[in-house]
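Q: Please see the structure below; I have some questions.
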Amino acid sequence: MKKTGFKSLSKASKVLATAALAAGISLAHAADTIKVGVLHSLSGTMAISETTLKDTVLMMVDQQNKKGGLLGKKLEPVVVDPASNWPLFAEKARELLEKDKVDVIFGCWTSVSRKSVLPVIEELNGLMFYPVQYEGEESSYNVFYTGAAPNQQAIPAVDYLMKDVGVKRWVLAGTDYVYPRTTNKILESYLKSKGVAGKDIMINYTPFGHSDWQTIVSDIKKFGSTGVKTAVVSTINGDANVPFYKELANQGVSAEDIPVVAFSVGEEELSGFDTAPLVGHLAAWNYFMSADSKENDDFIKQWHAFIKDDKRVTNDPMEATYIGFNMWAKAVEKAGTTDVDKVEAAMIGIETPNLTGGMATMNKNHHLSKPVLIGEIQDDGQFDIVWETDGLVAGDAWTDYLPESKNLISDWTAPVKCGNYNTVTKTCGGAAK
Amino acid sequence: MMILCRQIVAALLLMMCALSQAQEGSLETLATQLIDASYREKAVLAEQIAALDDERSLPLLSALLNSALYYKKDDQRILIVAEDDSITDALSNEAVENLGRRDKKKIGVNNSLRRTLRNLISQAQINSRNPDIRLQAATNLLKSSADVEPEIIHQALAKEQNDAVREVLSLVQGLILLASDQAAERRQGLAALDGSLYPQVRASLNQFIQGFSEEEKISRRDELKMAEKSLADIETLVSMNGYIENLYFGLALGAVLLLAAIGLAITFGVMGVINMAHGEMIMLGAYTTYVVQQLLPQHIGLSLVVSVPAAFLVSGVVGVAIERGVIRHLYGRPLETLLATFGISLVLQQAVRSIFSPLNREVATPEWMAGTFMVNPALELTWNRLYIIIFSLLVLALLALVLKRTLFGLQMRAVTMNRPMASSMGIRTGWVDALTFGLGSGIAGIAGVALSQLTNVGPNLGQAYIIDSFMVVVFGGVGNLWGTLVAAMSLGVANKIFEPLAGAVLAKILVLVFIILFIQKRPRGLFALKGRAVDNA
């Protein structure tokens with residue numbers, strides 16, 4: 001145990017040393033490398049999810065360098081640790097852009113961290129790729145959103161439950177912060193537009209890291225025992241899911257009776273516990289590790305070789321990072337420079353393979369077109385894909401199901417060039433370029 | 001076809017049947033069709049397989065239900081993978097060996113297919129010799145009574161001797177009768193369902209009542225009345241059970257709070273050290289459980305028992321080290337102690353993150369801690385919480401015994417009450433301080449073992465409990481074990497009373513507001529220490 005401790009400590013110090021070294025020699029070699037900033041928490045609460053993405057970016061950089069880098073230059077990663085501290089995200093982003101002069105940033109997980117970074121990136125005209133599913137209602141000139149918008153995850157999942165499973169009663173359970181609140185607001189208005197009565201929707205919020213789920217699970221059980229098919233749509237945040245699922249299993253809520261479809265539970269979250277009692281509960285993503293494609297097999301192989309542990313799983317935000325990185329590399333080559341404005345223009349319309357066997361396209365609104373998959377949890381912690389959309393779904397920055405954003409679109413090409421363009425009043429709501 | 005085949009077998013030669021096995025409708029063809037079928041087609045195939053009079057069909061369907069049915073990629077043989085990873089051919093029962101991971105592929109199932117399969121298997125198992133299997137089968141059929149062949153239940157009821165199974169079976173029959181188009185049968189069904197607390201019965205009655213049209217409400221008034229009366233009776237009983245359940249939830253939450261806080265009741269309560277690293281002691285205990293489980297992978301139950309003393313030792317030793325290394329120099333300086341221990345907590349968290357990775361670790365739950373203990377169909381108590389309630393009380397009792405009945409306990413109380421006096425009596429106060437802090441930390445480690453069964457084992461485990469622990473100790477009265485017990489239980493129950501009314505977020509806030517107000521009135525908590533100790537505190 002001590003050995004591994006020293007090993008990872010020395011690994012950590014190596015990373016620190018390279019980071020320090022990078023900072024030191026950056027002046028001398030500024031022109032020789034293209035700098036890739038990595039803004040993911042390596043300590044604190046979010047380290048559990050974000051460390052993996054940092055490793056993914058490092059792996060992608062490593063591979064690109066093996067292929068000879070970009071524009072004849074080597075890529076050089078600059079890793080910083082914003083420590084799950086939202087204001088620190090903004091500071092670190094400023095540091096990356098002003099001091100390290102990075103050409104692109106891959107980073108952020110939670111919506112608060114993204115919102116905190118946003119003004120800095122816009123002020124300094126940086127470029128960021130955000131790889132996590134989120135609540136939408138945003139489109140910045142300087143950010144490319146490679147995770148799912150609500151219409152690429154939540155809405156198709158609800159459609160699947162409604163049409164294929166015949167669900168008529170809904171529990172919307174979430175952690176009390178911006179992503180679940182907005183998603184549930186969208187879902188509630190969507191369900192009501194489909195004729196679901198208010199009494200058939202139960203909405204429940206819990207604090208971050210909630211661990212005592214007895215009452216809520218028992219309430220869900222009661223809500224679901226009226227003889228009408230009931231499902232739980234869960235936007236419960238990462239860590240709180242383990243006790244939630246444990247309580248579900250203990251109180252005997254099986255997926256056959258009340259299926260739970262989750263938007264924040266992937267292979268990585270499941271690697272923390274025994275999934276045998278959870279078989280059949282669902283998750284909606286754009287990627288599952290079990291996807292049957294050559295790209296996916298290669299990616300998993302590379303990942304295992306890079307991380308030196310063939311038990312590590314892959315997940316959806318990793319695919320989003322993979323797509324984002326490849327698109328950026330392609331756009332840089334197309335533009336022939338790393339200049340943000342030129343790369344931004346080159347990005348739109350770029351196509352790269354996704355890991356599920358198709359192509360991902362970057363749209364005018366800085367969101368991707370990707371397939372949506374529904375998977376059922378298996379007893380080995382993997383998902384079995386039981387349903388997928390017929391074609392690709394284009395990410396919608398502004399949902400059509402909320403009155404305040406119904407008329408808004410985002411289009412970063414001429415002549416609109418606006419992140420929140422009102423199609424009725426024909427005006428731009430502010431974020432224009 | 002199958003019947004024909006059997007006649008041929010009976011009349012003619014075995015060989016003839018062997019030839020006809022490749023025919024349409026035999027288990028062989030049906031099973032092979034499973035490989036490429038969609039989920040809906042699989043459900044139809046499963047029904048056809050269940051209808052076959054073949055002793056291989058039940059194991060095959062069970063394997064499909066448990067995701068243990070595979071096929072070999074090259075020759076499409078159907079395989080069953082047992083729990084010990086041994087593989088047999090589902091049709092010939094021969095053992096299959098030397099199969100690579102990529103050579104076989106699972107035959108997938110989804111939720112609706114699982115429901116169909118469970119129903120089909122239960123219909124077959126209703127005639128099993130084992131009454132436990134029969135009871136389980138009957139309970140499963142209760143959930144899908146609409147898809148059950150009424151004749152099967154009728155026959156099973158006629159020969160059933162076991163009372164428990166009979167009761168459930170007659171409910172299944174009641175549910176089937178309720179859906180009948182004969183008024184007399186429906187009434188019979190209503191009578192059979194009267195007073196049953198099974199949620200399925202309640203759901204069916206609800207649906208039954210809502211299914212009445214305006215005209216039927218008059219023409220079938222007596223049925224409606226009968227159904228409404230039984231539903232009302234059932235609802236009353238269910239809501240009474242609901243109160244008991246809520247109380248149980250409260251006590252269970254209280255037990256968790258108690259476990260988390262007992263250690264702090266010593267380090268903070270008795271010694272007066274504001275120990276912000278208390279949560280990390282709990283975390284270390286949980287990680288110890290993980291390590292012990294890695295060392296004893298085959299004995300999950302035993303590993304948990306071994307973890308209790310192991311976690312006590314690990315957290316205790318770390319506690320003694322912290323006391324000797326840092327806190328010793330800071331007695332009487334609460335602000336510095338607070339900052340120092342807060343720093344230690346961050347160091348411990350990051351150390352664990354570096355050693356074990358920031359990802360959560362999997363701690364398995366032994367079988368005897370999973371599932372529920374059924375008092376009645378409307379009141380099921382989860383085993384894991386029950387064990388934790390008992391465990392927390394045991395830990396408290398043991399600690400009280402140590403404090404009240406041992407020499408160490410006596411010395412400890414003496415030192416905390418009057419240090420110079422104790423010292424002049426020959427007690428090595430420094431040594432007692434270290435051991436006391438170690439004891440408190442060790443008990444936090446034990447709490448970690450219990451919490452590993454409920455929540456994430458990750459670097460942030462302790463953070464979630466530190467505030468709650470301080471809350472309990474302050475509310476209960478500093479330096480008083482009974483106070484800690486009463487405070488933990490009453491906070492747990494209060495939380496669970498507020499929660500259904502106000503939601504989890506608001507319930508937590510309400511409890512905090514209540515404590516703030518309470519501390520204003522009684523600054524020393526529920527059970528204030530009296531006498532000389534108060535002056536020193």
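Q: Could we say that residue B:250 is within 12 Å of chain A (Cβ to nearest Cβ) and of a type outside the set (Phe, Trp, Tyr) here?
A: yes
Q: Scan the stretch A:255-273 and give yes if some residue there is farther than 27 Å from residue A:318 by Cβ and out of contact with any strand residue (DSSP E or B) (no Cβ under 6 Å at 6 or more places or on another chain), otherwise no.
A: Yes, that holds for at least one residue.
Q: Hey, could you check the stretch A:374-384 for residues that are over 11 Å from residue A:270 (Cβ atoms) and facing chain B (nearest Cβ under 9 Å) and say which is least open to solvent (accessible area, probe 1.4 Å)?
A: This residue is A:376.
Q: Within the stretch B:368-389, restricting attention to residues that are aliphatic (A, V, I, L, M) and part of a strand (DSSP E or B), which residue is farthest from the other protein chains (Cβ to nearest Cβ)?
A: It comes out as B:375.
Q: Let me ask another. Quick check on my filter: what residues within the stretch A:166-211 are among the hydrophobic types (A, V, I, L, M, F, W, C) and out of contact with any strand residue (DSSP E or B) (no Cβ under 7 Å at 6 or more places or on another chain)? It would help to see each step written out before you state the result.
A: Initially, the stretch A:166-211 is screened for residues among the hydrophobic types (A, V, I, L, M, F, W, C), giving A:167, A:170-173, A:178, A:186-187, A:191, A:196-197, A:201-203, A:208.
Correct list: A:178, A:186, A:197.
Q: Going through A:211, A:234, A:271 one at a time, which residue ends up being surrounded by fewer than 22 Cβ atoms within 10 Å (Cβ to Cβ), among the small types (Gly, Ala, Ser) and either at pLDDT below 90 or under 24 Å from residue A:152 (Cβ atoms) (or both)?
A: Exactly one residue qualifies, and that residue is A:271.
Q: Let me ask something else about it. Does residue A:244 satisfy the criteria of being in the same structural domain as residue A:168 (by TED's automatic domain parsing), under 22 Å from the mean Cα position of the chain (by Cα) and hydrophobic (A, V, I, L, M, F, W, C)? Spell out how you get there, then give the answer.
A: On the way: in the same structural domain as residue A:168 (by TED's automatic domain parsing): yes; under 22 Å from the mean Cα position of the chain (by Cα): yes; hydrophobic (A, V, I, L, M, F, W, C): yes.
The answer is yes for residue A:244.
Q: Looking at the stretch A:352-361 only, could you name the residues that are open to solvent by 10 Å² or more (accessible area, probe 1.4 Å) and within 15 Å of residue A:295 (Cα to Cα)?
A: Hits for the stretch A:352-361 are A:353, A:356, A:357, A:358, A:359.
Q: Let me ask you something else. Determine whether residue B:83 is at pLDDT below 90 and away from chain A (no Cβ under 13 Å).
A: no
Q: Can I ask one more? Mind listing just one residue for me: the one in the stretch B:105-124 that is surrounded by 20 or more Cβ atoms within 10 Å (Cβ to Cβ) and away from chain A (no Cβ under 12 Å) and, of those, farthest from residue A:256 (Cα to Cα)?
A: B:123
Q: Another question, if that's okay. Where residues in the stretch B:319-367 are open to solvent by 20 Å² or more (accessible area, probe 1.4 Å), of a type in the set (Gly, Ala, Ser) and more than 26 Å from residue A:380 (Cβ to Cβ), which of them is nearest to the other protein chains (Cβ to nearest Cβ)?
A: B:354
Q: Next question, about the same structure. Could you tell me whether any residue of the stretch A:337-355 is under 30 Å from residue A:259 (Cα atoms) and among the hydrophobic types (A, V, I, L, M, F, W, C)?
A: yes
Q: Can you pull out every residue in the stretch A:390-401 that is in a loop (DSSP other than H, G, I, E, B), at pLDDT 90 or above and open to solvent by less than 60 Å² (accessible area, probe 1.4 Å)?
A: Of everything in the stretch A:390-401, those that are in a loop (DSSP other than H, G, I, E, B), at pLDDT 90 or above and open to solvent by less than 60 Å² (accessible area, probe 1.4 Å) turn out to be A:395, A:396, A:397, A:398, A:399.
Q: For the structure I just gave you, tell me whether residue B:386 is closer than 30 Å to residue B:198 by Cα and open to solvent by less than 50 Å² (accessible area, probe 1.4 Å).
A: yes
Q: Could I ask something else about it? Given the criterion touching a Ser or Thr at 6+ places or on another chain (Cβ under 6 Å) and part of a loop (DSSP other than H, G, I, E, B), identify the matching residue among A:50, A:135, A:76.
A: Only one candidate passes the filter, namely A:135.
Q: Those residues that are open to solvent by 40 Å² or more (accessible area, probe 1.4 Å) and touching a residue at least 12 places away in the same chain (Cβ under 8 Å), I need them from the stretch B:489-503; list them, please. Give the steps one after another, and end with the answer.
A: Filtering the stretch B:489-503 for residues open to solvent by 40 Å² or more (accessible area, probe 1.4 Å) gives B:490, B:497-498, B:500-501.
Once the filter is applied, which keeps residues that are open to solvent by 40 Å² or more (accessible area, probe 1.4 Å) and touching a residue at least 12 places away in the same chain (Cβ under 8 Å), the stretch B:489-503 yields B:490, B:497, B:498, B:500.
Q: Please find, among B:127, B:98, the residue that is within 26 Å of residue A:380 (Cβ to Cβ) and surrounded by fewer than 19 Cβ atoms within 10 Å (Cβ to Cβ).
A: Matching residue, one of B:127, B:98: B:98.
Q: Across the stretch B:192-214, what is the total count of residues that are surrounded by 16 or more Cβ atoms within 10 Å (Cβ to Cβ), away from every other protein chain (no Cβ under 11 Å) and either among the β-branched types (Val, Ile, Thr) or in a helix (DSSP H, G or I) (or both)?
A: Total meeting the criteria: 2.
Q: Considering only residues that are open to solvent by less than 30 Å² (accessible area, probe 1.4 Å) and in a loop (DSSP other than H, G, I, E, B), which ones fall in the stretch B:76-90? Lay out the reasoning, then the answer.
A: Taking the stretch B:76-90 as the starting set, the residues that turn out to be open to solvent by less than 30 Å² (accessible area, probe 1.4 Å) are B:78-79, B:81, B:87, B:89-90.
Result: B:90, single match.
Q: Right, another one. Residue A:268 fails exactly one of the following numbered conditions: (1) facing another protein chain (nearest Cβ under 8 Å); (2) assigned to a helix (DSSP H, G or I); (3) more than 23 Å from residue A:372 (Cβ to Cβ). What is the number of that condition?
A: Evaluating residue A:268 over (1) facing another protein chain (nearest Cβ under 8 Å); (2) assigned to a helix (DSSP H, G or I); (3) more than 23 Å from residue A:372 (Cβ to Cβ) leaves (3) as the failure.
Q: Now for a different question. If you scan the stretch A:359-373, which residues turn out to be part of a loop (DSSP other than H, G, I, E, B) and either within 14 Å of chain B (Cβ to nearest Cβ) or among the basic types (Lys, Arg) (or both)?
A: The one that is part of a loop (DSSP other than H, G, I, E, B) and either within 14 Å of chain B (Cβ to nearest Cβ) or among the basic types (Lys, Arg) (or both): A:364.
Q: Identify all residues within the stretch B:292-318 that are open to solvent by 40 Å² or more (accessible area, probe 1.4 Å), more than 17 Å from residue B:444 (Cα to Cα) and either without any contact (Cβ under 8 Å) to a residue 24 or more places away in the chain or outside the structural domain of residue B:437 (by TED's automatic domain parsing) (or both); write none if there are none.
A: B:294, B:295, B:296, B:297, B:298, B:299, B:302
Q: If you scan the stretch A:316-329, which residues turn out to be open to solvent by 10 Å² or more (accessible area, probe 1.4 Å) and polar (S, T, N, Q)?
A: Of all residues in the stretch A:316-329, those open to solvent by 10 Å² or more (accessible area, probe 1.4 Å) come to A:322, A:326.
Listed by number, the list holds a single entry, A:326.
Q: Could you please let me know if residue A:241 is of a type outside the set (Lys, Arg), in contact (Cβ under 8 Å) with a residue 12 or more places away in the chain, within 8 Å of chain B (Cβ to nearest Cβ) and under 27 Å from residue B:451 (Cα atoms)?
A: no
Q: Failed condition for residue A:252, given (1) part of a loop (DSSP other than H, G, I, E, B); (2) closer than 26 Å to residue B:367 by Cβ; (3) open to solvent by less than 30 Å² (accessible area, probe 1.4 Å), with all others met?
A: That leaves (3) as the condition not met.
Q: Scan the stretch B:448-466 for residues that are more than 8 Å from every other protein chain (Cβ to nearest Cβ), of a type in the set (Ser, Thr, Tyr) and open to solvent by 10 Å² or more (accessible area, probe 1.4 Å) and report the count.
A: 1
Q: Is it the case, given these coordinates, that residue A:69 is assigned by TED's automatic domain parsing to the domain that holds residue A:287 and surrounded by fewer than 24 Cβ atoms within 10 Å (Cβ to Cβ)? Steps first, please.
A: Details: assigned by TED's automatic domain parsing to the domain that holds residue A:287: no; surrounded by fewer than 24 Cβ atoms within 10 Å (Cβ to Cβ): yes.
Criteria not met by residue A:69.
Q: Okay, next question. Filter the stretch A:89-102 down to the residues that are crowded, with 24+ Cβ neighbours inside 10 Å and in contact with a Ser or Thr (Cβ under 8 Å, 6 or more places away or on another chain) and list them by number.
A: Answer for the stretch A:89-102, where residues must be crowded, with 24+ Cβ neighbours inside 10 Å and in contact with a Ser or Thr (Cβ under 8 Å, 6 or more places away or on another chain): just A:89.
The values are calculated or read from the model by the stated rules, or taken from the named source; none is laboratory data. Every value quoted in this text rests on a predicted model; they were computed, and no experiment measured them. Here the Cβ is made from the backbone with ideal geometry for all residues, glycine too, and neighbour counts use every protein chain on show. These accessible areas exclude ligands, DNA and RNA; they are computed on the full protein's heavy atoms, side chains included. Shrake-Rupley method; radii C 1.70, N 1.55, O 1.52, S 1.80 Å.
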